[in-house]
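The values are calculated or read from the model by the stated rules, or taken from the named source; none is laboratory data. None of these values were measured; they are calculated from a predicted model. Here the Cβ positions follow ideal geometry from the backbone for every residue, glycine too, while neighbour counts run over all protein chains shown. Heavy atoms of the whole protein, side chains included, go into the accessibility calculation; ligands, DNA and RNA do not. Shrake-Rupley method; radii C 1.70, N 1.55, O 1.52, S 1.80 Å.
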Amino acid sequence: MNSFLRSGFALALSTMPPSLANAQVPDAIAARGETLVATFHAEGAQVYECKADASGKLGWQFREPIATLLIDGKTVGRHYAGPNWELADGSAVVGKAAGRAPGATAKDIPLLKLEVASQRGSGQLSGVTTIQRINTKGGVAEGACERAGAFLSVPYAADYTFYKKGG
């Protein structure tokens with residue numbers, strides 16, 4: 001792992017308090033008619049790259065998440081580009097954005113609803129159809145980027161809830 005990722009990841013682990021998974025969920029990300037399978041707390045970083053937009057102006061563009069999935073402070077999996085969620089039991093899912101709602105503050109990444117696009121393994125995530133990102137803290141890139149190709153690692157925390165269709 002690059003040193004900027006290590007330092008941002010370590011900072012995220014040391015500064016982000018755990019949040020509760022019982023937040024009020026906006027309609028835009030609700031998983032109606034689905035049954036909760038699992039909730040994991042994530043701590044890590046949102047990684048951005050300095051790139052030019054269509055007009056040539058440099059700006060931070062989201063590249064990937066890098067986070068540890070936790071239950072009661074113990075590592076149970078990881079979250080990374082794709083977006084992928086992978087558990088120690090070998091089960092994994094890849095999500096595709098299906099809805100979003102603003103975070104609690106301008107510094108908090110949005111709440112998300114993701115539909116499962118693919119999955120593997122036969123563990124806890126087997127059969128999951130929907131993922132929500134809730135209770136977000138941090139993760140928003142701020143400030144100007146001066147050099148194309150530069151990276152910015154912004155600490156964040158969130159809770160991810162996993163649902164299956166039906167009961």
Q | Computed magnitude of the charge dipole of the chain (debye, nearest 20; Cβ of K, R +1, Cβ of D, E -1) | A | 200
Q. So what is log10(I(q)/I(0)) for the range 18-95 at q = 0.11, 0.20, 0.21, 0.26 1/Å, when the Debye sum runs over its Cα atoms only?
A. -0.42, -1.03, -1.08, -1.26
(Q) Residues of the range 92-129 with the amide nitrogen closer than 19 Å to a label point 7 Å from the Cα of E64, along Cα-to-Cβ, please. (A) 92-97, 117-120
Q. Using a Gaussian network for the chain with springs between C-alpha atoms less than 10 Å apart, which of these wobbles most: A54, A117, A144?
A. A54
Q | Pairs beyond 23 Å (Cα-Cα), from K113/K165; K113/K137; K74/K165; K96/K164; K113/K164; K96/K137 | A | K74/K165
**Q.** Computed over the chain, Cα set: Rg, Dmax in Å
**A.** 16.0, 51
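Looking at the range 62-143, what % of the alpha carbon pairs are farther apart than 20 Å? Mind dumping the intermediate values first?
Values: 1163 of 3321 pairs.
So the pairs more than 20 Å apart make up 35 percent of the total in the range 62-143.
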Q) Given only helices, namely DSSP H runs of n ≥ 4 each adding -39500 (n - 2.57), what is the per-residue ellipticity at 222 nm of the chain, to the nearest 500 deg cm²/dmol? A) -2500 deg cm²/dmol
(Q) Relative contact order of the chain, please, whole-number percent, based on alpha carbon pairs below 8 angstrom and at least 6 residues apart. (A) 30
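How many percent of all Cα-Cα pairs in the range 93-132 sit more than 11 Å apart?
Values: 491 of 780 pairs.
The calculated P(r) of the range 93-132 puts 63 percent of pairs beyond 11 Å.
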Q: Quantify, in whole percent, the carbon and sulfur part of the accessible surface of the chain (1.4 Å probe; protein heavy atoms only).
A: 53
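Could you tell me the calculated FRET efficiency between A117 and I71, based on Cβ-Cβ distance and R0 = 30 angstrom, to the nearest 0.05? Walk me through the numbers before you get to the answer.
Working: r = 24 Å, r/R0 = 0.82.
The calculated FRET efficiency here is 0.75.
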**Q.** Environment charge of L58, counting only residues whose C-beta is closer than 9 Å and scoring Lys/Arg +1, Asp/Glu -1
**A.** +1
Q) Under a 5 Å amide H to amide H cut-off, with H placed in plane at 1.01 Å, what residues pair with E64 once short-range neighbours are removed? A) V47
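Over all distinct alpha-carbon pairs, what is the Kirkwood Rh of the range 102-167 in angstrom?
Values: mean 1/r = 0.0705 Å⁻¹.
This gives a value of 14.2 Å.
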(Q) What number comes out for accessible area per residue over the range 30-155 if the probe is 1.4 Å? Units Å², please. (A) 49
